[in-house]
Amino acid sequence: MKAVYTFQNDKVTKLYIYLKKFEYPSPVGLFLGILAVLFLQFLIVLYHYYNVFYALHPSPVHINFDRSVSQKNFWRDLRTHVCNPEGFLLLGSYLCFTWMFRIMPESYYSYKGGISLSQFLQQLVLTDFLQTLMHLAEHHVSPRLYQLSHKPHHRFISPKLFDAFDGSLCDTFLMILVPLALTAQVVHCNVWTYMLFGSVYAAFLTLIHSEFEHVWDPFFKKFKIGTPSDHHVHHAKFCYNFGHMFMWWDMLLGTYRNPVTVKQFYPSR
Ligand SMILES: [Zn+2]
Ligand SMILES: [Zn+2]
């Protein structure tokens, strides 16, 4: 009994020494990263504003798209998008927590060197692969898990750009935070590459929900990189296109469906 007590006492002492020695990292990298994400999101809102109100020849994904509805609800939808607790609030908390408590690998706190394009691509591919696995699990593991996590996001049969992060806290945790945390432990990059990856990842998830196609989509389609019409297939048909940034996993699994085969969509332009 005395031995157990001494052992536990020892553990508490060790924890106390560790906590006393613990130093919070400088938050500069964290602030720069959050600013980079927000800046890119701000540019996306401007770009979307142009598409909704001014573009002369916008290319909606759906044939029966009504632009006046997007115009009428623009500011309300933007407010909802920004204030979603499962969106920027949960993601921001994740970034702050993992940074300040040094959960990120040591390399992430380094400002040495520039952006590594190869690590940036590795992060995108690995995160998307893990996100696809989590997405498949949410759909197929059990009806209860689906209801708790992903069902709220599927109320959008024909999503809009501002619906990108509208789902549930559980959905964001499983499908975004878990893949992000695992990727960070595998790809050890510096702070600059992390910033680029985080900003592009958040931008990508937003842009694929757009009710309009983008000018770069024909190029993306050649390499089976995700486009709004690819992701809209998932929202409309439910059991295809589980990937977000890359359609490669769906092509391997036989769950890829080309948007041109969906009759509610415009044929490829
Ligand atoms: Zn889904
Ligand atoms: Zn979606």
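Can you pull out every residue in region 227-252 that is without any contact (Cβ under 8 Å) to a residue 24 or more places away in the chain and over 19 Å from ASN64 (Cβ atoms)? Matches in region 227-252: TYR240, ASN241, MET247, LEU252.
Evaluate the following for ILE225: is it of a type in the set (Val, Ile, Thr), open to solvent by 10 Å² or more (accessible area, probe 1.4 Å) and either closer than 27 Å to GLU138 by Cα or in contact with a Phe, Trp or Tyr (Cβ under 6 Å, 6 or more places away or on another chain) (or both)? Considered against the rule, which asks whether it is of a type in the set (Val, Ile, Thr), open to solvent by 10 Å² or more (accessible area, probe 1.4 Å) and either closer than 27 Å to GLU138 by Cα or in contact with a Phe, Trp or Tyr (Cβ under 6 Å, 6 or more places away or on another chain) (or both), ILE225 comes out as yes. Report yes if some residue within region 58-74 is in contact with a His (Cβ under 7 Å, 6 or more places away or on another chain), under 16 Å from ALA184 (Cα atoms), open to solvent by less than 20 Å² (accessible area, probe 1.4 Å) and not in a helix (DSSP H, G or I); otherwise report no. No, every residue in region 58-74 fails to be in contact with a His (Cβ under 7 Å, 6 or more places away or on another chain), under 16 Å from ALA184 (Cα atoms), open to solvent by less than 20 Å² (accessible area, probe 1.4 Å) and not in a helix (DSSP H, G or I). Being surrounded by 22 or more Cβ atoms within 10 Å (Cβ to Cβ), out of contact with any Phe, Trp or Tyr (no Cβ under 8 Å at 6 or more places or on another chain) and touching a residue at least 12 places away in the same chain (Cβ under 8 Å) holds for only one residue in PHE156, PHE162, PHE204, and it is PHE162.
The rows are residues; the columns are (1) more than 17 Å from LYS160 (Cα to Cα); (2) more than 16 Å from ligand 2 (Cβ to nearest atom); (3) buried (at least 16 other Cβ atoms within 10 Å of the Cβ).
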{"position": "PHE219", "(1), (2), (3)": "yes, yes, no"}
{"position": "SER229", "(1), (2), (3)": "no, no, yes"}
{"position": "HIS234", "(1), (2), (3)": "no, no, yes"}
{"position": "LYS237", "(1), (2), (3)": "no, no, no"}
{"position": "TYR240", "(1), (2), (3)": "yes, no, yes"}
{"position": "PRO259", "(1), (2), (3)": "no, no, yes"}
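Taken over region 31-51, the criterion of being within 30 Å of SER68 (Cβ to Cβ), of a type in the set (A, V, I, L, M, F, W, C) and in contact with a Leu (Cβ under 9 Å, 6 or more places away or on another chain) is satisfied by ILE44, VAL45. Residues that are aromatic (Phe, Trp, Tyr) and either under 17 Å from THR193 (Cα atoms) or buried (at least 17 other Cβ atoms within 10 Å of the Cβ) (or both) within region 84-118 comprise PHE88, TYR94, TRP99, TYR108, TYR109, TYR111, listed in sequence order.
Note on region 245-257: residues that are open to solvent by 10 Å² or more (accessible area, probe 1.4 Å), at negative phi and assigned to a loop (DSSP other than H, G, I, E, B) total 3.
Taken together, the residues in region 213-244 that are more than 14 Å from ligand 1 (Cβ to nearest atom), within 20 Å of the chain's Cα centre (by Cα), closer than 20 Å to ASN51 by Cβ and part of a loop (DSSP other than H, G, I, E, B) amount to 4.
Restricting attention to region 121-164, the residues that are of a type in the set (Gly, Ala, Ser) and within 12 Å of ligand 2 (Cβ to nearest atom) add up to 2. Residues considered: SER110, SER118. Of these, the only one that is touching a residue at least 24 places away in the same chain (Cβ under 8 Å), more than 14 Å from ligand 2 (Cβ to nearest atom) and not β-branched (Val, Ile, Thr) is SER110. For residues in region 119-148 being under 15 Å from the mean Cα position of the chain (by Cα) and open to solvent by less than 10 Å² (accessible area, probe 1.4 Å), which is farthest from ligand 1 (Cβ to nearest atom)? If we take residues in region 119-148 being under 15 Å from the mean Cα position of the chain (by Cα) and open to solvent by less than 10 Å² (accessible area, probe 1.4 Å), then GLN123 is farthest from ligand 1 (Cβ to nearest atom). Can you confirm whether TYR47 is in contact (Cβ under 8 Å) with a residue 12 or more places away in the chain and surrounded by 15 or more Cβ atoms within 10 Å (Cβ to Cβ)? When the stated conditions are applied, TYR47 does not pass them.
The values are calculated or read from the model by the stated rules, or taken from the named source; none is laboratory data. Model, not experiment: these values are computed from the prediction. Counting neighbours? That spans all protein chains shown, and the Cβs are built from the backbone with ideal geometry, glycine included. Just the protein is used for accessible areas: all its heavy atoms, side chains included, with ligands, DNA and RNA removed. Shrake-Rupley method; radii C 1.70, N 1.55, O 1.52, S 1.80 Å.
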